[in-house]
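Written below as structure tokens is the structure these notes are about.
The values are calculated or read from the model by the stated rules, or taken from the named source; none is laboratory data. Values in this document were obtained by computation on a predicted structure and should not be read as measured data. Please note: Cβ atoms are built from the backbone with ideal geometry, for glycine as well, and neighbour counts cover all protein chains shown. Ligands, DNA and RNA are stripped out before the accessible areas are found, and what is left, the full protein with its side chains, is counted by its heavy atoms. Shrake-Rupley method; radii C 1.70, N 1.55, O 1.52, S 1.80 Å.
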Amino acid sequence: MIYSHTQISQFLRCPRSYRYRYLEGWRERETRAAMVFGRCFETALGAYFRREDPSAVLFKEWGAYRDIPFEYKKGDSWDRMVHQGVHLLHHFAQDNRIQIRRPKKNLQVKMLRPLPNGNEFLAYIDALGELDGTHSVIDWKTTASRYPEEPEGLLSLDPQLVCYSWITGIPDVAVVVFVRKQQPEIQYLRTTISEDQRQEYGRLVETTITQIEAGQFPSHSGIRFPQNGCVSCAHLGLCLNNQPLIESKLIRRPGAEDLDWLADLDD
Ligand code: SF4
């Protein structure tokens, strides 16, 4: 089996949700504009480092979705997002704080790490490069609001960054946050992941895989309303047996029905 950070974190959040997604093939429909825009924006960033015209690439990529009836957050629209994107790309070029040598090799870097029992762990790193001259693992994020910077050291607890440090062996990690707000802003956040954190993450991966392989997928909805994790879970319709909700939020991988017998395992 090939595992990823998304799989591990989904199982830790709710094993039932893991089963729905990875065993039964229920995927979230792509309905959120912000998620698709983020992907288009990252393609444009790749063009910037290859010395192509990033704004033209953003228009082309995001243009393919102009007439799709996505869910836009309050105040957002196709036009507004593309203008914010272009603004952010110019701002990023002016800052000139990130250097990526050999972008073909160092953008969207595929990393594969062997695990016990013939399993493997797969990660795609957004970029390997330098932030202000420090060699780092770099992650791009597009968001509508700033990332918190306090208390100091908060970023070092981000499990995805710990994962990237673990799989690359590189202690310095950076997140470049492209904030789409009234006055677009870029945050250059960085932290260092310790050897202890990397080892701990490796142990977490192994123990989680042991639990997955045991075939137990109890529901784990988190804490009580109103912070209940079910409220934002794409699989809520399945747990509530609510067909309209299933159809609006989910799509099933072709052929996944063959695994429906799994539902009998722990119900
Ligand atoms: S709705 Fe709640 S219990 Fe059901 S899969 Fe999602 S998080 Fe788990």
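Report, in debye and to the nearest 20, how large the dipole of region 7-60 comes out about its Cα centre when Lys and Arg carry +1 and Asp and Glu carry -1 on their Cβ.
For this selection, approximately 240 debye.
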Under 5 Å from the placed amide H of S4, counting only residues 5+ away or on other chains, we find L122
Computed Rg/Rh for the chain (Cα atoms; Rh = Kirkwood radius) stands at 0.97
Using a 1.4 Å probe and ignoring any ligands, DNA or RNA, find the accessible area of I186 and quote it in Å² to the nearest 10.
20
Hey, how much of the P(r) for region 34-162 falls beyond 21 Å, as a percent of Cα pairs?
51
Points 7 angstrom from Cα along the Cβ direction at I186 and E71: gap in nanometres?
3.1
Using packing as a proxy for protection, rank 162-171, 141-150, 119-128 so that the peptide with the highest average count of other Cβ atoms within 10 Å comes first.
162-171, 119-128, 141-150
Quick one: which of 40-52, 70-82 comes out on top by average Cβ neighbours within 10 Å, and what's the full order, highest first?
40-52, 70-82
Once phi is turned into θ = phi - 60°, what whole-Hz ³J(HN,Hα) does the Karplus curve with 6.51, -1.76 and 1.60 give for every residue of region 232-249, x standing for Gly and Pro?
9, 7, 5, 8, 3, x, 5, 5, 9, 6, 10, 4, x, 5, 4, 5, 7, 9
Relative contact order of region 134-203, please, whole-number percent, based on alpha carbon pairs below 8 angstrom and at least 6 residues apart.
38
Estimated vicinal HN-Hα couplings, Hz - region 31-36 in sequence order (Karplus 6.51, -1.76, 1.60; Gly, Pro = x):
10, 8, 4, 4, 5, 5
How big is the charge dipole of the chain about its Cα centre, in debye rounded to the nearest 20, if each Lys and Arg gets +1 on its Cβ and each Asp and Glu gets -1 on its Cβ?
660
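For region 31-136, what's the relative contact order in percent, using C-alpha pairs closer than 8 Å and at least 6 residues apart?
Worked out over region 31-136, it gives 22 percent.
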Please build a GNM for the chain, connecting alpha carbons under 10 Å apart, and tell me which residue among N242, N117, N96 fluctuates the most.
N117
Can you compute 3J(HN,Hα) from phi for each residue in region 127-135, using the Karplus curve 6.51 cos²θ - 1.76 cosθ + 1.60 with θ = phi - 60°, rounded to whole Hz and x for Gly and Pro?
7, 10, x, 10, 10, 6, x, 9, 5
So what is the 222 nm mean residue ellipticity for the chain from helices alone, if each DSSP H run of at least 4 adds -39500 (n - 2.57) and you divide by all residues, rounding to the nearest 500 deg cm²/dmol?
-11500 deg cm²/dmol
If contacts are Cα pairs under 8 angstrom and at least 6 residues apart, what is the relative contact order of the chain in percent?
24
Could you state the number of Å between the C-alpha centres of region 16-39 and region 56-109?
21
Of the accessible area of region 6-84, computed with a 1.4 Å probe and all protein chains kept, carbon and sulfur make up a percent value of 50
For the chain, report the accessible area per residue in Å² (1.4 Å probe, heavy atoms, rounded to an integer).
56
